1. Of the numbered conditions (1) in a loop (DSSP other than H, G, I, E, B); (2) of a type in the set (A, V, I, L, M); (3) under 19 Å from Arg234 (Cβ atoms); (4) at pLDDT 95 or above, Ala272 fails exactly one; give the number of that condition.
2. I'm told Ile53 meets every condition in (1) modelled with pLDDT under 95; (2) under 30 Å from Trp366 (Cα atoms) except one. Can you identify the failing condition by its number?
3. Being surrounded by fewer than 22 Cβ atoms within 10 Å (Cβ to Cβ) and either β-branched (Val, Ile, Thr) or free of Cβ contacts under 8 Å to residues at least 24 places away in the same chain (or both) is the filter here, so list the residues in segment 218-238 that pass it.
4. Restricting segment 121-144 to residues that are hydrophobic (A, V, I, L, M, F, W, C) and outside any helix (DSSP H, G or I), which is farthest from the chain's Cα centre (by Cα)?
5. Output the qualifying pairs, or none if there are none: Cβ atoms under 6 angstrom, residues six or more apart or on different chains, first residue in segment 100-118 and of a type in the set (S, T, N, Q), second residue surrounded by fewer than 22 Cβ atoms within 10 Å (Cβ to Cβ) and assigned to a loop (DSSP other than H, G, I, E, B).
6. Quick one: count up the residues across segment 90-108 that are surrounded by 16 or more Cβ atoms within 10 Å (Cβ to Cβ) and assigned to a loop (DSSP other than H, G, I, E, B).
7. Take the residues in segment 183-216 that are in a loop (DSSP other than H, G, I, E, B) and farther than 16 Å from Gly144 by Cβ; name whichever of them is modelled with the lowest pLDDT.
8. If Ile143 satisfies all but one of (1) on the phi > 0 side of the Ramachandran plot; (2) touching a Lys or Arg at 6+ places or on another chain (Cβ under 8 Å), what's the number of the condition it fails?
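The values are calculated or read from the model by the stated rules, or taken from the named source; none is laboratory data. Quick caveat, the model's predicted, so the values are computed rather than measured. All Cβ positions, glycine included, derive from the backbone under ideal geometry; neighbour counts span all protein chains shown.
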Amino acid sequence: MTVSREIDDILQRGADGGRITPEEALLLYTDAPLHPLGEAADVVRRRRYPDGIVTYIIDRNINYTNVCVTACKFCAFYRAPKHREGWTHPTEEILRRCAEAVDLGATQVMLQGGHHPDYGVEYYEELFSSVKQAYPQLVIHSIGPSEILHMAKVSGVSLEEAITRIKAAGLDSIAGAGAEMLPERPRKAIAPLKESGERWCEVMALAHKLGVESTATMMMGTGETNAERIEHLRMIRDVQDQADAGGYGGFRSFIPWTYQPENNHLKGRTQATNLEYLRLIAVSRLFFATIPHLQASWLTTGKEVGQLALHMGVDDLGSIMLEENVISSAGARHRSNLHQLIEMIRSAGFVPAQRDTLYRHLRVHWTPADDPTDDRVVSHFSSIALPGGGVGGRRLPLVEAN
């Protein structure tokens, strides 16, 4: 069998919903012609979502502290303990930001921060319960396996107890944070103090078993090989296989994004191209047969690439993030407002719809007459870089849509 015939057979099997192996996924990623690869992924998306709807969500990323002991080389956000630029927001400031988010139509908050040396399970219990008590309508889709491991260590409790307690306090869903690159070699190169990729997967599998679903992510472009990128996908699929076998929820979506090179120790020595990103998007849609959703990261790749991804298997454009500090601190400068995001979807030939965390449609914009009219719904780049924003409880200015 020729390589071309082999690729055609794999693409057809993947488009039909069949399972492809990691070795086959690597072959597709490196050798499959771009247009047939994208077409096969698009077939999967159209079969799953024949109504042609592409979703988005309104949420806010709220960082409670930038103090962190992990010191990841790609991170421009963290500050070491006792650093003069370290900060922690009081609960009152976090609740104020939640109130702004609710006023702008947000349905979800992502509470994330550094691995503060003093923050154990008790801190997160108080944080989540305070948000839930004040704003029960907000879904708390927050933290990740790294934070869970850290809080359990600080408090001296088991992972199961930590997850059970923060779930009871109000955590609804776990973000895919901290995945970066899961294979051992690249992970040690960029985050030597962080838990192993295998440990990250173990925490996710346990959370799923305990009834807390999540998303999965991948940061590409820090020097990993093509084979390591596919190995990352394999590790995530193995966790999803456990959830499928157990009959409980696992990963709702997969969200790959590209490393941003500013203000961090890696300094852009390696980066993923837009073509590499789009090829990975398409392969991911074929590889993850039972992870229902695939999200494009327009924040890191730009709106044009995000729109292209809609024709390569993507069914979700993610968030109008009313606040985002971590990736923006590393150089992500792409911004949008709600009208632009809806137009990105519609002009690509799809029907825009606002969703919630569970991907249920809240508002479907079948025609422009159905579009929202609130011009205040605008994404920020790093709020801590805006005058008066982010530190010491000062008010975060909501920028105008224009």
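1. Tallying (1) in a loop (DSSP other than H, G, I, E, B); (2) of a type in the set (A, V, I, L, M); (3) under 19 Å from Arg234 (Cβ atoms); (4) at pLDDT 95 or above, Ala272 fails exactly one: (4).
2. For Ile53, the failing item is (1).
3. Scanning segment 218-238 gives a single hit, Thr225.
4. Leu138
5. Sorted first by the residue in segment 100-118, then by its partner, the pairs are Thr107/Asp356; Gln108/Thr357.
6. Total meeting the criteria: 4.
7. So the first thing to find is which residues in segment 183-216 are in a loop (DSSP other than H, G, I, E, B), and the list is 183, 191-196, 210-213.
From what is left, the residues that are farther than 16 Å from Gly144 by Cβ are 183, 192, 211.
Working: Pro183: 97, Pro192: 88, Gly211: 98.
Here the answer is Pro192.
8. (2)
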